[in-house]
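The values are calculated or read from the model by the stated rules, or taken from the named source; none is laboratory data. Worth saying up front: this structure is predicted, and the values here are computed from it rather than measured. No Cβ is skipped: glycine too gets one built from the backbone with ideal geometry, and neighbour counts run over all protein chains shown. Surface accessibility is based on the protein's heavy atoms, side chains included, excluding ligands, DNA and RNA. Shrake-Rupley method; radii C 1.70, N 1.55, O 1.52, S 1.80 Å.
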Amino acid sequence: MTILVVGATGATGQLVVEQLLDRGHKVKIIVRSPEKLPEFVRNNDQLSVISASILELNDSEMIKYTNECDAVVSCLGHNLNLKGIYGKPHKIVRDATQLICNAIKVNNSGKPTKYILMNTTANSNRDLKEPGSFGEKCVIGLIRLLLPPHVDNEMAADYLRIIIGQEDPLVEWVAVRPDTLVNEDNVSKYKVYPSPIRSAIFNAGQTSRINVGHFMADLVTDESVWNKWKGQMPVIYNESST
């Protein structure tokens, strides 16, 4: 398979790339700073590096880069500093999702391309009308006002839910929602649910980045996993948090 990964130099994106390369697939990445990747990843013959800022690419360039890709994995996010949180671009995740999905449709490979988005448990899946306490809703409302990246995550998932939807013949999608991200060296036992089993605000669990990378790679490569979760927003927790 050939997979395009965006956000590949991020803490989770690097692990997704490693997982896919370890499984023998061809990986293309769009990154501004290739030197941030581990040397053993940069030197892998199955890796193609496109040095660019994703939102500076035009439609024709993205069409070229997504051509013949079986899947696209987005681990894009905002840097957790003042510039990253409040500076431009405010909608990098939503805008990149739209740009990539439009390119996939123009390519029209005749079969669905998988789009896998890393999202967050703080964003509810409104297709399922997930419950939340009054306190949670108040806090989420404040987060929307104070933290623009959260709105970006919501808009990216809403683009997939509403604009792409469940019946698009060329784009199938999954939005993966980890809880509080932690670093671990190895894949451990984890569980995946259709909706959160704990409060992301008042009783958050943990999800290791390497487990997120493993699950995303499974979505790309294992059709049984894909068919179980496509068109959904699964929540992933380390088993110790369930």
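Consider L99 carefully, then state whether it is touching a residue at least 12 places away in the same chain (Cβ under 8 Å) and surrounded by fewer than 16 Cβ atoms within 10 Å (Cβ to Cβ). Criteria not met by L99. Reported count of residues in the stretch 104-122, each being open to solvent by less than 60 Å² (accessible area, probe 1.4 Å) and either closer than 10 Å to N153 by Cβ or not in a loop (DSSP other than H, G, I, E, B) (or both), is 11.
Remark: D127 falls outside the filter, which requires a residue to be within 20 Å of the chain's Cα centre (by Cα) and surrounded by 17 or more Cβ atoms within 10 Å (Cβ to Cβ).
Going through (1) in a helix (DSSP H, G or I); (2) over 25 Å from W173 (Cα atoms); (3) open to solvent by 60 Å² or more (accessible area, probe 1.4 Å) one by one, K88 falls short only on (1). Identification of strands (runs of 3 or more DSSP E) wholly contained in the stretch 161-242 with 1 or more residues that are β-branched (V, I, T) and over 29 Å from Q98 (Cβ atoms) yields 180-182.
Within the stretch 52-92, the residues that satisfy the criterion of being β-branched (V, I, T) and modelled with pLDDT of 95 or more are I63, T66, V72, V73.
The set of residues from the stretch 13-40 being within 19 Å of A52 (Cα to Cα), assigned to a loop (DSSP other than H, G, I, E, B) and either open to solvent by less than 40 Å² (accessible area, probe 1.4 Å) or touching a Lys or Arg at 6+ places or on another chain (Cβ under 6 Å) (or both) comprises S33, L37, P38.
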